[in-house]
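I have placed the structure first, in the form of structure tokens, so that the comments after it can refer back to it.
The values are calculated or read from the model by the stated rules, or taken from the named source; none is laboratory data. This is a predicted model, so every value here is computed, not measured. Using ideal geometry, Cβ is built from the backbone for each residue, glycine included, and neighbour counts are taken over all protein chains shown. The protein model used for the area step is the full one, side chains on, heavy atoms only, and it has no ligands, DNA or RNA in it. Shrake-Rupley method; radii C 1.70, N 1.55, O 1.52, S 1.80 Å.
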Amino acid sequence: QVQLVESGGGSVQVGESLRLSCTASRIVLSTNAVSWYRQSPGKQREYVAVVVSGGVRNYADSVKGRFTIWRDHEKNTVYLQMNNLKPEDTATYSCQTTNRNREYWGQGTPVPVSS
């Protein structure tokens, strides 16, 4: 069974940093695009960043310049480095990928940012 597991979330204060991890089992992340999304209570899920199989990366305007996404092929893990966190970054962050026309999501990791 394919699984994506996020980790690294936790309470931080404004201006601090966190690194989230998305580790996969039974699927090779390097062959697929992997995205991070986030969702705050009462809001729709929001796209954050993506890294595609060729290594190209894209970011939402709201996080550009502060967040970085990358892969570790050996660890079959995709990371999201989040710097200079703001209160509006508060959300549950989830990773997503598609393999053989099937979509997979992790369970999410919460990131509360307090001022």
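Observations
- Averaged over its residues, the chain has an accessible area of 56 Å² per residue, based on protein heavy atoms and a 1.4 Å probe.
- Short-range pairs are left out: with C-alpha atoms under 8 Å and at least six residues apart, the relative contact order of region 62-115 is 28 percent.
- Ranking 7, 80, 23 by how far each Cα lies toward the positive end of the dipole of the chain (charges on Cβ) leaves 23 at the top.
- Highest to lowest packing among 83-93, 37-47, scored as the average C-beta count within 10 Å: 83-93, 37-47
- Subtracting the Cα-Cα distance of residue 19 and residue 70 from 0.36 nm times their residue separation leaves 17.3 nm of extension gain.
- For the chain, a simple Cβ point-charge model (Lys and Arg +1, Asp and Glu -1, everything else neutral) yields a dipole of about 220 debye relative to the Cα centre.
- Rg in Å to one decimal, and Dmax rounded to a whole Å, for region 11-115 via C-alpha atoms: 13.3, 43
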